[in-house]
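Just below is one structure, and these are the notes that go with it.
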Amino acid sequence: MNRKERTKWFLDDRFGMFIHWGLYAIPARGEWVRSVEKISNEDYEKYFEEFNPSHFNPKEWARAAKAAGQKYAVLTTKHHDGFCLFDSKLTDYKATNTPAKRDLIKEYVEAFREEGLKVGFYYSIIDWHHENYPAFGDRNHPMRDNENFRKKQINFDQYLEYMHGQVRELLTNYGKIDIMWFDFSYDDMTGEKWKATELIQMIRDIQPDIIIDNRLGGNIKSSNPEIYAGDFYSPEQIVPPGGILDENGEQVPWEACITLNDNWGYHSKDKNYKSPKQVIRTLVECVSKNGNLLLNVGPDARGIIPQESLGILQEVGNWMQRNGESIYRCKAAKLPKPEWGRYTQNGNKLYAHVFDRGIGPIYFAGLKDKIKKARLLADGSELKIETPWMAEQYSDIESGAFINLEGARLPDENDT
Ligand code: JFZ
């Protein structure tokens, strides 16, 4: 399979759930807490000894994702702190050795599969816990200021063996996996520094259809990308203004990852949540530029997705139930962005997302005599295509069409 074939389902599905969860849920100050507060291995150890997510029920996560209209999920199997949610034979630093006493990845995979969702693994190639991970090359390493630590000899090849071995475990022990989401290369730690070609060859050997993000390095936008440059581009906390094109001007699959507040991992004080409306509009924006949205939640130490996040997901789900047709299998329209909102398109169906309704009919530049019929997606009701009185006297509108929204029931302002 080539990239185009591999990413077909992904680009059809458009909307996924990102889940950041690990020991950092206990201090509850975000997933970078070890680095930000320079916490030593010893001091972080207490969270390992305590980790016991009594309410961990991935079926509930999966149901929330499905109800929101999300079609796939990506969970942190290991974040930068090095703690593994899966039962790796290559380390003791794993969920099976905490009071949780079980392989949480196994339960995640089963639960999401059961709800018919596709399953992805986030895996951090950065590892602040492994003794052979280069602390001094990584300016964010929690031990960066510790003299003794800096002087320690390391054997990076042994770390690479560990890292490759864990990826092999993840892709061997849990059946078919749909997405491998590596995080991340930096400075000169990129590409072959991770033995990325070898890594990719192994991955394709075990899971030929899996799709892989672009954070191992390389240039996915090249006309001749490295084998490790990935299947999709991963912009973070931003929707790329013009989508992502390669050097030949061809579309590159991409997925914006965005978190609901200002942290990826659980943060008990961070209440700066986006509104459901912002999320819906961001999803529409992604699709209108040929991209996906991977929307993040950070379950707490007991395994519960914060109430605020669940509320947002539910509202997004209400909208998706009525308007999902304008998201799934849709892509950018070959029309300029309209003044009042955005277009998405699927075949000969054009979806007009009216963000700014204003007063009077809405205008479709370039579509004079091209619209066969117009319907409100939310309730299927007919909308009238009509040219307003004296329209020919306004400048530059000869080639456009007008649709009258008057009287149309717009259940909420995001309707399509
Ligand atoms: C990384 C992680 O450090 C973070 O904790 C979270 O998991 C996020 C999804 O990914 O953060 C990054 C990685 C790459 C960039 C920015 C933040 N980048 O390329 O700009």
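Observations
- Pairs of C-alpha atoms in the chain farther apart than 32 Å represent 41 percent of all such pairs.
- Prolate/oblate/rounded call for segment 155-274, Cα gyration tensor, a/c under 1.5 rounded: oblate
- Cα-based reach from Lys8 at 19 Å (exclusive), listing aspartates and glutamates while leaving out same-chain residues under 8 positions away: Asp178, Asp209, Asp213, Asp231, Asp246, Glu250, Glu255, Glu325
- Over segment 307-416, Cα pairs under 8 Å with separation of 6+ residues give a relative contact order of 26 percent.
- Dipole in debye (nearest 20) - segment 1-119, about Cα centre, beta carbon charges: Lys, Arg +1; Asp, Glu -1: 680
- Per-pair calculated FRET efficiency, R0 = 35 Å: Arg139 and Lys334 via Cβ, rounded to 0.05: 0.20
- The angle between the Cα long axis of helix 58-68 and the longest principal axis of the Cα atoms of the chain comes to about 20 degrees, rounded to the nearest 10.
- Cα long-axis angle, helix 276-288 against the chain (0 to 90 degrees, to the nearest 10): 80
- Length-normalised contact order for the chain - Cα pairs under 8 Å, 6+ apart - percent: 17
- Cα centre as origin, Lys/Arg/Asp/Glu Cβ charges: the chain dipole, Debye: 880
- Between the amide H of Tyr233 and those of Trp254, Glu255, distances stay under 5 Å, these residues lying 5 or more places away or on another chain, with hydrogens modeled in the peptide plane.
- Lysine pairs meeting the criterion (Cα under 23 Å, 8 or more apart or interchain), as found in segment 256-380: 29
- When the chymotrypsin sites (Phe, Trp or Tyr not before Pro) in segment 370-404 are filtered for DSSP coil states and for at most 16 other beta-carbon atoms within 10 Å of their beta-carbon, the remaining sites are Trp389, Tyr394.
- Segment 1-41 and segment 266-302 have Cα centres spaced 13 Å apart.
- Top positive-direction residue, dipole computed over the chain with Cβ charges, set Pro388, Leu117, Phe18: Pro388
- Here's the picture: charge each Lys and Arg Cβ at +1 and each Asp and Glu Cβ at -1 in segment 289-341, and of Ser326, Pro336, Pro299 the one pushed furthest to the positive end of that dipole is Pro336.
- Sparse-neighbour loop sites [trypsin sites (Lys or Arg not before Pro); segment 67-100; at most 12 other C-beta within 10 Å; DSSP]: Lys89
- For the peptides 199-205, 63-69, the ranking by mean Cβ contacts within 10 Å, running from highest to lowest, is 63-69, 199-205.
- Ordering 152-159, 256-263 by mean Cβ neighbour count within 10 Å, with the highest value first, yields 256-263, 152-159.
- Helix 41-50 vs. the chain, principal-axis angle (Cα, 0 to 90°, nearest 10): 70
- Taken one residue at a time, the phi angles of segment 312-320 give Karplus couplings (6.51, -1.76, 1.60, θ = phi - 60°) of 5, 4, 5, 5, 4, x, 4, 5, 5 Hz. Gly and Pro are set to x.
- Between segment 136-213 and segment 48-85, the Cα center-to-center distance that results, in Å: 21
- Cα-centred dipole magnitude for segment 24-89, charges only on beta-carbon of K, R (+1) and D, E (-1), debye, nearest 20: 520
- Those aspartates and glutamates that a straight Cα-Cα span of less than 14 Å connects to Lys384, excepting residues fewer than 8 apart in one chain: Asp369, Glu406
Every read-out reported here was derived from the displayed coordinates using simple, explicitly stated rules and does not represent laboratory data. What you see is a predicted model; the values in this text were computed from it and never measured. All Cβ positions, even for glycine, are placed from backbone atoms using ideal geometry, and neighbour counts span all protein chains on display.
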